Amino acid sequence: MIQSFYASSLPIAGPMALGPLLAIWIIGRKNLIGKTVYRGLSGTNIFWAGTALLAILTGGSLIMLARSIIFPDPAIIVSADTLVCKFHRGPIAVPWSFIVAVRPETRDYARRGATIHQHFATLQLDGRYIDRLPWTEDERRRRLASCNLDNLDAPPAAIFHAMDAAWHSSRG
């Protein structure tokens with residue numbers, strides 16, 4: 001039983017839209033950077049340099065977006081013996097034997113005119129194994145690690161249910 005949950009590839013589309021606009025602004029002759037950098041170049045050379053930079057940025061962004069769609073990296077992998085999640089220090093594979101309890105947690109953040117709800121799976125870590133994985137000092141002290149369940153290809157409740165079922169099945 002291995003379940004993989006993938007992150008959305010939409011955050012990669014941001015640089016694809018902003019990169020070319022930034023390049024156009026930097027290359028422009030009327031702004032301060034353009035006047036300083038391109039003082040002695042003709043308008044034709046500036047145009048072709050800007051076109052080349054714009055093509056490189058757009059091509060790179062398209063390649064990154066295509067790679068994330070064709071070969072996505074799973075954000076969370078739940079198997080019968082381990083949980084792989086992106087904690088504060090990147091993806092960490094945690095054996096279920098290192099985890100004492102798994103519980104859902106929702107954190108609410110007040111924003112202007114709305115409340116943002118973030119969903120986490122909070123793992124209570126066994127103190128005997130705390131030094132075997134690269135946790136932050138706060139996670140070591142509290143013996144709690146949080147795995148973010150938002151912005152994935154499944155609802156947070158379904159992801160937590162898969163984690164909880166795998167944790168219970170590992171306990172016997």
Subject >> Near pairs, Cβ below 6 angstrom, 6+ apart or cross-chain, from segment 100-118 (in the same structural domain as Tyr129 (by TED's automatic domain parsing)) to any residue that is in a loop (DSSP other than H, G, I, E, B) >> reply: Val100/Asp126; Gln118/Asp150
Subject >> Matching residues in segment 144-172 - criterion: being within 16 Å of Val100 (Cα to Cα) and touching a residue at least 40 places away in the same chain (Cβ under 8 Å) >> reply: Ala145, Ser146, Cys147, Phe160, Met163, Asp164, Ala166, Trp167, Ser169, Ser170, Arg171
Subject >> Criterion: hydroxyl-bearing (Ser, Thr, Tyr), at pLDDT below 80 and in contact with a helix residue (DSSP H, G or I) (Cβ under 6 Å, 6 or more places away or on another chain) - qualifying residue of Thr44, Thr58 >> reply: Thr58
**OP:** Could you please find all residues in segment 61-73 being touching a residue at least 12 places away in the same chain (Cβ under 8 Å) and over 17 Å from the mean Cα position of the chain (by Cα)?
**Re:** Leu62
**OP:** Looking at (1) at pLDDT below 90; (2) within 17 Å of Phe5 (Cα to Cα); (3) loosely packed, with under 15 Cβ neighbours inside 10 Å, find the lone condition where Arg112 falls short.
**Re:** (2)
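Quick one: is Trp25 over 33 Å from the mean Cα position of the chain (by Cα) and at pLDDT below 80? Spell out the reasoning first.
Details: over 33 Å from the mean Cα position of the chain (by Cα): no; at pLDDT below 80: yes.
When the stated conditions are applied, Trp25 does not pass them.
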Subject >> Candidate set: segment 74-100, residues that are over 17 Å from Glu139 (Cβ atoms) and loosely packed, with under 15 Cβ neighbours inside 10 Å; chosen: the one farthest from the chain's Cα centre (by Cα) >> reply: Ser97
Subject >> Among the candidates Leu125, Leu133, Leu57, Leu144, residue that is over 20 Å from Phe5 (Cβ atoms), among the hydrophobic types (A, V, I, L, M, F, W, C) and outside the structural domain of Ala165 (by TED's automatic domain parsing) >> reply: Leu57
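The values are calculated or read from the model by the stated rules, or taken from the named source; none is laboratory data. Everything quoted here is computed from the prediction, not taken from an experiment. Cβ coordinates were reconstructed from backbone atoms using ideal geometry, including for glycine residues, and neighbour counts include every protein chain displayed.
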